[in-house]
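What follows is a single structure, written as structure tokens, with notes after it.
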Amino acid sequence: MEDDKVLHNILLKKAKEAEYSSFEIEQINLQTETLFIRYFLEREAAKVVEGTKIEDEVLKKIYDENKEFYTFPEKVKLDTIFVREQDKAEKLLKEVTVENFNELKEKNDEKTDAAQKNVDDNFIFITDIHPAIAEEIYNEDKKDVILSNLVPVQEGFHIVYLKDKEDKKQATFEEAKETILNDVKRNLFGQAYNQLIADIANEKVTLETDETKEENQEK
């Protein structure tokens, strides 16, 4: 963290010492002003969200009217043997069974990432795994099986042991509550952000109208 701060200061010093054309200075000032305006609007919109009390009744109503959107995807337990060469992978697929999977994995798995090698045997959402593996799982009706097809990925092939799976399920209100609350806050933030811009634009119109009236009265 300290090294990052030192580097930041050095880069900032270099940037300030550099020579810029008038056009470049104008663009830098414009970008700075734009960031400043955005920061101001986001800060004020966040204050509106923080100051708004969102009742559980409101969240429950949203849940009841949109239950189909609040579900947990299918979960799976799986393990894989990764092999780089297709011929070797195809040969291994013919030999592997549920019973000898661990033994063959120990001898043949070519994963280099320790985190991938050491499977914790917990359920994971199917949406969180490699899309190619997920597609093969969707086509498999059984569990505790070796998938019949190799799964090609960028650097090789996976032999997949599908240990277990759970169907997608409806989330309860309590399980969905935080997601709904975050969605409401996100929408409220966007509304507050746009309303701030509209209010400030109206202030400008009102100010210009008042100035025009004063000028007409003077004439």
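Can you flag which of Lys53/Lys185; Lys75/Lys177; Lys75/Lys105; Lys75/Lys185; Lys111/Lys165; Lys60/Lys177 are past 19 Å Cα-Cα?
Result: Lys75/Lys177; Lys75/Lys105; Lys75/Lys185; Lys111/Lys165 exceed 19 Å.
Note down the nm distance, to one decimal, between modelled labels 7 Å out along Cα→Cβ at Val98 and at Glu175.
Placing both labels 7 Å beyond Cα along the Cβ direction yields 2.6 nm.
Using a 1.4 angstrom probe with every protein chain in place, what is the largest-first accessible-area order of Thr52, Thr127?
Values: Thr52 55, Thr127 90 Å².
Solvent-accessible surface, decreasing: Thr127, Thr52.
By how many degrees, 0 to 90 and rounded to 10, does the Cα axis of helix 2-17 deviate from the longest principal axis of the chain?
Rounded to the nearest ten degrees, it is 50.
Considering the chain as a Gaussian network with a 10 Å cut-off on Cα pairs, which listed residue, Ala89, Ala134, Ala201, attains the greatest mean-square fluctuation?
So, out of Ala89, Ala134, Ala201, the one fluctuating most is Ala201.
If you place +1 on the Cβ of every Lys and Arg, -1 on the Cβ of every Asp and Glu, and leave all else neutral, what size is the dipole of segment 41-90 about its Cα centre, to the nearest 20 Debye? Spell out each step's value before the answer.
On the way: 10 positive and 14 negative charges, 31 e Å.
It works out to roughly 140 debye.
Between Asp4 and Lys60, what is the FRET efficiency for a Förster distance of 35 Å, r being their Cβ-Cβ separation, to the nearest 0.05?
Values: r = 45 Å, r/R0 = 1.28.
Computed FRET efficiency for Asp4 and Lys60 comes out at 0.20.
For the chain, modelled as a Gaussian network with Cα springs under 10 Å, which listed residue fluctuates most, Lys185, Lys169, Lys53?
Residue with maximal mean-square fluctuation among Lys185, Lys169, Lys53: Lys53.
I'd like the orientation of helix 173-218 relative to the chain: the angle between its Cα long axis and the longest Cα principal axis, in ° from 0 to 90, rounded to 10.
20
In the chain, with Lys and Arg counted as +1 and Asp and Glu as -1 at Cβ, which of these residues, Val160, Val184, Ala15, has the Cα nearest the positive end of the dipole, that is, farthest along it?
Val160
Any idea what angle helix 22-50 forms with the longest principal axis of the chain, computed on alpha-carbon atoms, 0 to 90 degrees, nearest 10?
Compared with the principal axis, the helix lies near 80 degrees.
In debye to the nearest 20, how big a dipole does segment 69-160 give about its Cα centre with +1 on each Lys and Arg Cβ and -1 on each Asp and Glu Cβ?
Value, rounded to 20: 20 debye.
Hey, with R₀ at 25 Å, roughly what FRET efficiency would Asn139 and Thr112 work out to, going by the Cβ-Cβ distance, to 0.05? Intermediate values should be presented prior to the final figure.
Values: r = 29 Å, r/R0 = 1.14.
According to the calculation, E is roughly 0.30.
The values are calculated or read from the model by the stated rules, or taken from the named source; none is laboratory data. Worth saying up front: this structure is predicted, and the values here are computed from it rather than measured. So basically every Cβ, Gly included, is an ideal-geometry build from the backbone, and we count neighbours across all protein chains shown. Heads up: the accessible areas ignore ligands, DNA and RNA and are worked out on the full protein's heavy atoms, side chains in. Shrake-Rupley method; radii C 1.70, N 1.55, O 1.52, S 1.80 Å.
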